[in-house]
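The next block holds one structure in the form of structure tokens; read it before the comments.
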Ligand SMILES: [Zn+2]
Ligand SMILES: [Zn+2]
């Protein structure tokens, strides 16, 4: 029997929770990462080097920092470091070394380019690591009875994480197992959505709404994923 990954039992425990298990565990892992970087690691040279290079965290993770109101000191220290980096960068001489660059003189592009991040948001990196571990463990161990049963009894994966799981599957047979587990989730959700839409119809609006009442909310998560994991779909 292949050795079980570290997160195997966490996945089994978290599968019954509402929503996508990968979204749920990844969100928790990133919150823990942010928490520890605001307390234990706030003064380590590594954290400072990372935060300087990335020009702070992305907007989503900066927003999360506010939720850790208890460590205002941590946010304060890290942002003083970022301000120091921005001021140093702005004070650097223009590095337009080409003759053409010197001829046309400096414009805003030069400073804008130097102010660009040279590293990724630390929390986004932690998110990517956690997400890969969870997706890979599901894809590689779906044939373990415990994992299979947990998936079968769950709401299924959100669409972006299902795509990742399919791509992480070690072979076509495993991808088929994942598909056979996921499709009934979509069928059940579609049936609920159809039922809810029918009940909104003026001809049926006297019918009582049952468990399908919040299917539209569940559908948002199952199609687009958790907003704290996927955020806005833009690059710049
Ligand atoms: Zn997900
Ligand atoms: Zn981020």
Query raised in the report: Pick from 147, 83, 122: which is most flexible by mean-square fluctuation in a GNM of the chain where alpha carbon atoms under 10 Å apart are linked?
Result: 83
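Taking neighbour Cβ counts within 10 Å as the exposure measure, how do 89, 118, 60 sort from fewest upward? Numbers along the way, then the final one.
Numbers: 89 14, 118 9, 60 18.
Listing 89, 118, 60 from fewest to most nearby Cβ atoms yields 118, 89, 60.
With a 10 Å Cβ neighbour count serving as the proxy for reagent exposure, in which order, fewest first, do 39, 200 appear?
Details: 39 13, 200 9.
Starting with the residue having the fewest Cβ neighbours, the order is 200, 39.
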Query - Peptide ranges 8-20, 154-166, 40-52 listed from the most packed, as the mean C-beta count within 10 angstrom indicates - result: 154-166, 8-20, 40-52
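Assuming R0 = 35 Å, what is the FRET efficiency of residue 201 and residue 59, from their Cβ-Cβ distance, to the nearest 0.05?
Numbers: r = 40 Å, r/R0 = 1.15.
Working from the Cβ atoms, E equals 0.30.
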Report task. Give the order of 189, 220 when sorted by the count of other beta carbons within 10 angstrom, beginning with the fewest. Result -> 220, 189
Query raised in the report: Nearest 0.05, what FRET efficiency do residue 128 and residue 194 give at R0 = 35 Å with Cβ-Cβ as r?
Result: 0.45
Query raised in the report: Cα-based Rg of the range 9-230 per 2.2 N^0.38 Å, rounded to two decimals?
Result: 1.38
Query - Distance in nm between pseudo-label sites at residue 88 and residue 176 (7 Å out along the Cβ direction from Cα) - result: 5.8
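Extension gain residue 80-residue 149, at 0.36 nm per residue separation less the Cα-Cα distance, in nm?
Details: separation 69, 0.36 × 69 = 24.84 nm, distance 4.94 nm.
My answer for the length gained is 19.9 nm.
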Requested in this report: Determine, from the Cβ-Cβ distance of residue 49 and residue 115 and an R0 of 22 Å, the FRET efficiency 1/(1 + (r/R0)^6), rounded to the nearest 0.05.
Outcome: 0.80
Requested in this report: Please identify, among 55, 32, 217, the residue showing maximal mean-square fluctuation in a Gaussian network model of the chain using a 10 angstrom Cα cutoff.
Outcome: 217
Report task. Select from 63, 74, 108 the residue whose mean-square fluctuation is largest in a Gaussian network model of the chain (Cα-Cα springs shorter than 10 Å). Result -> 108
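No value in this document is a laboratory result; all are computed from the given coordinates. What you see is a predicted model, and the numbers here were worked out from it, not measured in a lab. With ideal geometry, Cβ positions are generated from the backbone for all residues, glycine too; neighbour counts draw on all protein chains shown.
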